[in-house]
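Please treat every number below as a calculation from the coordinates, not as lab data. Remember, it's a predicted structure, so these values are computed and weren't measured experimentally. Every residue, glycine as well, gets a Cβ built from its backbone with ideal geometry; the counts of neighbours run over all protein chains shown.
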Amino acid sequence: MTIDRRSLIAGAALGGAALASANAQPRQDATMNPEIYELRTYRLVHGPMRARLDAYLRDAFIPAAHRAGCGPIGVFTVAIGLESPSVYVLVPHPSLDSFASLSARLAADAAHTQASQPFLNAAPSDPPYASLDVKLMKAFPHMPRVEVPSSATAAQGRIFELRTYYSHSDKAGATKIDMFDTGGEIEIFRRTGLQPVFFAQDLTGSRLPSLTYMLTFPDLATRERNWRTFGSDPAWKKLIATPGLTDPEITTGIDNQILSPAPYSQI
């Protein structure tokens, strides 16, 4: 993207960060190395799979992944959307090397090996899950770390929205990332009550280029109200109407799911 395009985006957003409310979380330091996010999707069938997976994640995987330098780790089930029953596991890594070496480090972790026996030694006739998909993502430069909602640490009720935007070309995908990361769209999100957990560029997937982000809300009613506020926001309307930034020009589709956190989720 050129400097002129970045200026156009920022101007369309009416100053970007200047729009953020006084209590919004400030933009993170863009000099930090962006995290790599591993998003696991465990697809299950009804029966004992869910309880066995929960026990493994809670008692074996999450403690061992923390010892390996990963986290905080989020675990979510599909509340509204396709692929239910499924469990999503979000694993923040400090680097690609961390992701590539995690399996070996788990195998060398005696406590993990002991705690994971019922899961790892499940018989072929009673498998631990139906299938597993893994997607890798790289955090946006200006949001390089997961933001854990205060409701997680306070053990309050919360829901999450996981959204993926698809584009028809690398240029279009980069433009959409710029709208969020440097053009003020994330700041408009914060100001209108759309609280982000992460924003990331997808590194793997079946419909690249794409980006994925997660939002959190206390409940569905708040989600509906805050999305309406966002949709009617003057800065957003101006930004999305800017030539070169309209949806038909840079996005080809959106996937959307509502997730519920597991009781032991750290996000």
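Sticking to Cα atoms, compute the Rg of the chain to one decimal and its Dmax as the biggest Cα-Cα distance, whole number, in Å.
19.3, 60
Give, as a single signed number, the net charge of other residues whose beta carbon lies under 12 Å from the beta carbon of residue 72, with Lys and Arg counted +1 and Asp and Glu -1.
Spelling it out: positives minus negatives among the neighbours equals -1.
By how many nm would the segment from residue 101 to residue 208 lengthen if fully extended, with 0.36 nm per residue of separation less the alpha-carbon distance?
36.0 nm
Local charge sum around residue 48 (other residues, Cβ-Cβ under 11 Å, Lys/Arg +1, Asp/Glu -1)?
For residues surrounding residue 48, the net value is 0.
Just 174, 65, 155 to compare: in a GNM of the chain, with alpha carbon springs under 10 Å, which one fluctuates most?
Most flexible of the set in this elastic network: 155.
Can you give the FRET efficiency to the nearest 0.05 for residue 122 and residue 241, using r as the Cβ-Cβ distance and R₀ = 51 Å?
That gives a FRET efficiency of 0.45.
At most 15 other Cβ atoms within 10 Å and a DSSP loop assignment: could you name the trypsin sites (Lys or Arg not before Pro) in the range 191-238 that fit?
Passing both the DSSP loop test and the Cβ count: 207.
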